[in-house]
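Input: a single structure, listed below in structure tokens.
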Amino acid sequence: MRSVDEHRQVVAGLITARQPVAVPIAHDTAALGLVLADDVVAPLSLPGFDNSAMDGYAVIGDDIATASDETPVRLPVTEDIPAGRTDIPTITAGTAHRIMTGAPLPSGATGVVPVEATDGAIDIVTIRASVRPGQHIRRAGGDVTVGTTVLRAGQVITPAVLGLAAALGLAELTVIPRQRVLVMSTGTELVAPGIPLQPGQIYESNAVMLAAAVREAGGEVVAAPTTGDEIDVFREALHRQIGTGEVDLVITTGGVSAGAYEVVKDALSGTVEFVKVAMQPGMPQGAGNLDDPSGTSIVTLPGNPVSALVSFEVFVRPALRAAMGLPNPDRRRRTAVLAEDLTSPRGKRQFRRGVLEADTVTSYGPPASHHLRWLASANCLLELDEDTAEVAAGEVVQVWDLR
């Protein structure tokens with residue numbers, strides 16, 4: 001059997017980064033959560049001009065040097081400067097300009113008196129406090145100087161990053177695009193929610209689950225169709241989706257074991273390498289490239305729901321995130337003290353559902369691969385290596401933190 005680490009390398013080699021693209025930073029925020037492909041150099045300074053940090057009055061400091069509650073100074077208000085005024089007046093000695101926050105500072109002013117230190121008048125203002133040179137003034141370039149590298153390649157685009165780019169007048173950012181993923185769930189027994197079940201039928205859940213996992217990992221789900229166990233129907237559905245040219249990776253679930261009616265295995269044998277991986281759950285796996293002009297990468301996962309999602313976590317999620325340049329492609333690993341005795345099949349790496357509380361981990365639910373209920377409430381995967389057959393309570397084990 002192939003080792004877990006060997007199969008991780010195979011899958012990682014199939015999922016590669018797309019070419020960088022320019023994405024608008026408009027209100028749909030399509031760039032949010034993506035990774036910058038290039039450094040961003042400021043094309044202008046921020047602020048672009050000296051402006052007021054307060055609502056108040058621009059003054060020449062010497063005119064109000066003695067101002068206090070006991071000895072207020074009264075000055076005529078000769079200009080009114082709202083934010084957005086484009087002509088910049090010049091202040092003269094012995095006068096004040098009423099000014100709003102963000103408005104351009106008049107030439108010659110040395111400070112701004114907050115309105116709270118005045119009577120707020122619009123003709124002759126009474127000022128009850130002095131100001132230091134530069135007080136309550138935002139200087140041009142005080143935040144960003146033109147020509148400065150303000151964002152670095154590899155940085156994740158956050159709301160603050162978008163705000164800075166917009167403030168610099170940038171219309172777009174160059175990013176590493178999301179991986180476009182086609183999720184296909186197979187099985188004649190599968191039916192959509194809302195349809196009454198017949199004997200032997202179950203509701204489809206893997207496509208929903210894996211599509212959500214792709215999105216949570218930062219990828220884009222192109223489609224998530226379900227097909228039965230007919231080879232021609234599966235191939236037609238697969239190639240119809242691939243034919244759009246909008247798919248970077250195909251993930252299938254089901255149809256890869258050793259029984260009859262293994263539609264994925266039967267349809268792609270010779271194209272995809274189907275292997276057994278030394279792990280539990282998730283032993284039957286497959287990976288390769290489709291034998292059509294697209295050469296699209298495909299990863300085939302088992303059909304049991306826990307096997308499918310654990311396999312995604314172990315093999316696909318880290319490769320997807322790495323291809324998109326996202327930080328921390330792997331789940332955080334940590335050690336914890338085991339709260340109970342456990343056994344594990346020697347020769348296979350076991351991933352058990354677990355609940356992590358502080359530094360203690362407890363296995364959660366049976367190890368079988370159809371017990372999805374327990375995985376839905378687990379917050380970690382408890383990893384037991386291939387050489388481990390028994391672990392006693394109190395021993396230190398490794399866990400994958402899913403939180």
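Before moving on, here are some points about what is shown:
- Computed extension gain for Ala93 through Arg74, at 0.36 nm per residue and net of the alpha carbon distance, reaches 5.6 nm.
- Once the Cα atoms are used to define both axes, helix 231-242 deviates from the longest principal axis of the chain by about 20 degrees.
- Extension gain (nm, one decimal) between Arg332 and Ala260, 0.36 nm per residue minus Cα-Cα: 22.1 nm
- Heavy atoms of the protein chains alone define the surface here; on that basis the stretch 112-175 has 52 Å² accessible area per residue at 1.4 Å probe size.
- Between 0 and 90°, nearest 10: helix 4-14 axis offset from the chain longest Cα axis: 60 degrees
- Pairwise label distance in nanometres, Val146 with Ala368, each label 7 Å out on the Cα-Cβ vector: 7.1 nm
- Qualifying trypsin sites (Lys or Arg not before Pro) in the stretch 41-123, where qualification requires a DSSP coil assignment and no more than 16 other C-beta atoms within 10 Å, comprise Arg85.
- Take every pair of alpha-carbon atoms less than 8 Å apart whose residues are at least six positions apart; their mean separation over the length of the chain yields a relative contact order of 16 percent.
- Qualifying GluC sites (Glu not before Pro) in the stretch 40-118, where qualification requires a DSSP coil assignment and no more than 10 other C-beta atoms within 10 Å, comprise Glu70.
- Going by accessible surface with a 1.4 Å probe and the largest first, Phe351, Phe49 read Phe49, Phe351.
- Relative to the longest principal axis of the Cα atoms of the chain, the long axis of helix 206-216 makes an angle of roughly 30 degrees.
- Euclidean distance of C-alpha centroids, the stretch 15-52 and the stretch 201-247, integer Å: 32 Å
- Antiparallel DSSP beta bridges within the chain, percent to nearest 5: 65 percent
- The stretch 348-363 and the stretch 130-150 have Cα centres spaced 53 Å apart.
- Shown here for the stretch 148-246: GluC sites (Glu not before Pro) in loop regions (DSSP other than H, G, I, E, B) with at most 13 other Cβ atoms within 10 Å, namely Glu246.
- Surface share of carbon and sulfur [accessible, 1.4 angstrom probe, percent] for the stretch 198-273: 50 percent
- In percent, rounded to a whole number, the relative contact order of the stretch 308-399 is 34, using alpha-carbon pairs under 8 Å and six or more apart.
- Length added when fully stretched, Glu216-Thr188, from 0.36 nm per residue minus Cα-Cα: 7.3 nm
- Cα convex hull volume per residue for the stretch 46-149 (Å³): 88 Å³
The values are calculated or read from the model by the stated rules, or taken from the named source; none is laboratory data. It should be emphasised that the depicted structure is a prediction, and the values quoted were computed from it without experimental measurement. Cβ sites come from the backbone with ideal geometry, for glycine too, and all protein chains shown count toward neighbours. Surface accessibility is based on the protein's heavy atoms, side chains included, excluding ligands, DNA and RNA. Shrake-Rupley method; radii C 1.70, N 1.55, O 1.52, S 1.80 Å.
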